[in-house]
Amino acid sequence: MYINKLHPIWLEQIVELWNEEIGSDFPMRNELFRQNTFEDNNTLIEGSFVVTDEEDKVIAFIVSKVWKENEDYKMDREVGWIQALLVKGQYRKKGIGTKLLVLAENAMQSNGAKVVHLGRDPWHYFPGIPTQYKTYQKWFEKHGYNIGQLQYDLIQTFNNTQPFFLKYKNINISILHMNEMEKFLLFLHREFPGRWEYEARQYFEKNGDGREFVVMKKEGRIIGFCRINDANSPFIAQNVYWSPLWNGKLGGIGPLGISKEERKKGFGEGIVKAAINILWERNIRTMLIDWTTLTDFYGKLNFHVWKEYQQYSKHL
């Protein structure tokens, strides 16, 4: 067996291994792995590896990340992430996963990380370990990882009648127009600095034209937003990662946020309803919300749990 630095030459074999092991639950695509791993500037190549056998076939891999981008998005530079770690079934219990994990942890620590999260990385695949994989959970616990919160993906399928009627006085809800981009980014920087601002700026850098953002305005001021995604979005977004599992169209909803001074007025539920209506008008009936704990909030709109994830972290 040989340990190699992660490189795009292994892309197709990595995706093949992924789909052999967990593809029935989370089908991977070449373009998704390329986007989230090889094209993410935060991927730590010196802490990411591919293991091959004597026939040069990929039998394991690990991807680690640290925050490396220069822009100040209030992202914690003392955090590292394991994006993915997978060993081919017949090669497990031979110490390969442990070796890869130690190499990745050492590399992240050398690059300033003091704590490591499983998943949750920029351009992540999962917000934690899917709870259906109990063996994986126990393995990471044995290697010093501590349990955090449960996170959920929620899903709902709507019928052919438009879901919601909305009427607000002095409130306007619409798709973001490109001439509002700077105003919108300033809103995010003020109200939601960090990951959501980073993701929005990445969206515009990747030729997004605004159709994925629903904005709520009061007297011309942006007071809230909700992200929506579908197959026509400029890149594969989190809540439609696993759309190959559906024969029909899948839409994604979230994240969403309302400005501090306008909360607790029902606007959060209102903008989600507007987002649902817009996806429905795009002939999408099945909609998914990823990485949330707000099961009661979305439950009011009849969303129910589809997947759950256990978060894990380790102090180095």
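Computed quantities for the displayed model
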| quantity | calculated |
| --- | --- |
| Tensor-based shape of region 122-205 (alpha-carbon gyration tensor, a/c under 1.5 rounded, otherwise prolate or oblate) | oblate |
| Residue-count net charge about Lys57 - beta-carbon cut-off 10 Å; Lys, Arg +1, Asp, Glu -1 | -4 |
| Kirkwood hydrodynamic radius (C-alpha pairs) into Stokes-Einstein, region 158-316, 10 °C and 1.306 mPa s, D in µm²/s | 96 µm²/s |
| Value of D in µm² per second that Stokes-Einstein yields for region 171-247, Kirkwood Rh from Cα pairs, at 10 °C (1.306 mPa s) | 121 µm²/s |
| Kirkwood Rh (inverse of mean 1/r, distinct Cα pairs), the chain, angstrom | 20.7 Å |
| Heavy atoms of Leu166: accessible area, 1.4 Å probe, square angstrom to 10 | 60 Å² |
| Charge dipole (region 187-316, unit charges on Cβ, about Cα centre) - positive-most of Gly251, Val272, Phe235 | Val272 |
| Cα-based Rg and Dmax for region 1-59, where Dmax is the largest Cα-Cα distance (Å) | 11.6, 31 |
| Protein accessible area in region 93-240, 1.4 Å probe - carbon and sulfur % | 50 percent |
| Accessible area of region 255-316 belonging to carbon and sulfur atoms, whole % at 1.4 Å probe | 48 percent |
| Accessible area (Å², 1.4 Å probe, nearest 10) - Glu39 | 100 Å² |
| Nearest-10 value in Å² for the accessible area of Trp81, using the 1.4 Å probe | 10 Å² |
| Helix-derived mean residue ellipticity, 222 nm - over the chain, DSSP H n ≥ 4, -39500 (n - 2.57), to 500 | -7500 deg cm²/dmol |
| Cα-Cα over 30 Å, subset of Lys74/Lys167; Lys65/Lys264; Lys142/Lys260; Lys5/Lys183; Lys74/Lys260 | Lys74/Lys167; Lys65/Lys264; Lys142/Lys260; Lys5/Lys183 |
| Computed over region 93-146, Kirkwood Rh from alpha-carbon pairs, angstrom | 12.4 Å |
| Accessible area per residue in Å² at 1.4 Å probe, computed on region 231-288 | 41 Å² |
| Value of Rg/Rh across region 226-316 [Cα atoms, Kirkwood radius] | 1.00 |
| Accessible area of region 99-165 divided out per residue, in Å², using a probe of 1.4 angstrom | 48 Å² |
| Exceeding the 32 Å Cα-Cα cut-off - candidates Lys265/Lys307; Lys68/Lys138; Lys169/Lys307; Lys206/Lys265 | Lys169/Lys307; Lys206/Lys265 |
| Amide H contacts of His177 (H built 1.01 Å from N, under 5 Å, at least 5 apart or other chain) | none |
| Calculated diffusion of region 31-99, Stokes-Einstein form, Kirkwood radius summed over Cα pairs, 20 °C and 1.002 mPa s, µm²/s | 158 µm²/s |
| Reference-scaled alpha-carbon Rg (2.2 N^0.38 Å with N residues) for region 22-174 | 1.29 |
| Kirkwood Rh and Cα Rg combined as Rg over Rh, evaluated for region 202-256 | 1.04 |
| Residue-normalised accessible area of region 1-52, given per residue in Å² at a 1.4 Å probe | 44 Å² |
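The values are calculated or read from the model by the stated rules, or taken from the named source; none is laboratory data. Only a predicted model underlies this, so the values are computations on that prediction, with no experimental measurement involved. So basically every Cβ, Gly included, is an ideal-geometry build from the backbone, and we count neighbours across all protein chains shown. The accessibility values were calculated without ligands, DNA or RNA, using every heavy atom of the protein model including side chains. Shrake-Rupley method; radii C 1.70, N 1.55, O 1.52, S 1.80 Å.
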